[in-house]
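What follows is a short report on a single structure.
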């Protein structure tokens, strides 16, 4: 099995989905607890990530916070769950095994759509270490096999379009890259979904605009090319992660406003330098001449007993 950046096939979610309103839960950057690593695995860039976790990151990313987020999502019973990457930390075999178990506990591949993050493709050998084991949740069909990016799944009158912005970045970077072929196919896919009358929701790990990156070394290298594709061909929503921040920006496009939405790490502890763990629920409906997107943003409570809504957004694709 391979993971490719090629033309994605189309897949339908179960037909029981309510077509008049579609709900999507978005979480990102869960950063599951660091699992075992062999000496051979640590003879690489992984050593930096291993040290970072042991010295600092274990205080930030707490499993009890992630459990509170996922329990809240289950209680909301969304039509689908979208995850924008960074399930693991240094791409070891043990981490991918744990990530697959966690995904199985969250939902079936037909209920959950995943795109990878830079930590999921931390090194060049991430594929042989086990990244393909997450393929069922990344594939267009939800059935596994080769994963073609961009991929698209239909959910009622919504198209979830997955992009792979990962590559084995240099030791000092956490950057992303889409590549010309993936961008070209994305343009055609956006046009096709618009012709079908669908609300287009793009999933990507890295911030889609250069100015949204927290530093140049963490940016999407071809963000300007992505901006041009979205401006010319349109999209209604872009969901992303990587920054571990709540974000909402608007991008004018040929077909209306694209809303760029990010959430914090789904495992971030209270009292750290970044916002506490959270997730957002998008409720998408069609109104005369426009798409309406209601967003409820949830954050963990101080005692981590659950989550509560901290913000509501009422968005439209009409400028």
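All of the numbers you see were taken from the coordinates with simple rules; none came from a lab. All values derive from a computational prediction rather than experimental measurement. Neighbour counts run over all protein chains shown; Cβ positions are idealised from the backbone, glycine included.
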Taking Cα Rg over 2.2 N^0.38 Å as the quantity of interest, determine which of (i) 0.92; (ii) 0.98; (iii) 1.33 was computed from the displayed structure. (i)
Helix-only mean residue ellipticity at 222 nm for the chain, each DSSP H run of n ≥ 4 adding -39500 (n - 2.57), per residue, nearest 500: -6500 deg cm²/dmol
Given springs between every Cα pair under 10 Å in a Gaussian network model of the chain, which of 303, 100, 227 has the largest fluctuation? 303
Helix 180-195 versus the longest principal axis of the chain: what is the Cα-based angle in degrees, 0 to 90, to the nearest 10? 40
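For each of 239, 198, count neighbouring Cβ atoms within 10 Å of the residue's Cβ, then give the residues from fewest to most.
198, 239
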By how many degrees, 0 to 90 and rounded to 10, does the Cα axis of helix 223-233 deviate from the longest principal axis of the chain? 20
Fewest-first ordering of 96, 149, 240 by Cβ atoms within 10 Å yields 96, 149, 240
How big is region 183-259 along each principal axis, measuring the range of its Cα positions in Å and listing the largest first? 37, 23, 18
Taking Cα atoms, the helix 63-76 axis meets the longest principal axis of the chain at an angle in degrees (rounded to 10) of 20
Ranked by Cβ crowding within 10 angstrom, fewest neighbours first, how are 55, 42 ordered? 55, 42
Using DSSP, restrict attention to beta bridges with both residues in the chain and report what percent are antiparallel, rounded to the nearest 5. 60
At a threshold of 8 angstrom on Cα-Cα distance, excluding pairs fewer than six apart, so keeping six or more, what relative contact order does region 52-187 reach in percent? 20
Tell me, what is a quarter of the convex hull surface for the C-alpha atoms of region 91-212, in nm² with one decimal? 8.2
Normalised contact order of the chain, rounded percent, pairs of Cα under 8 Å and 6 or more residues apart: 22
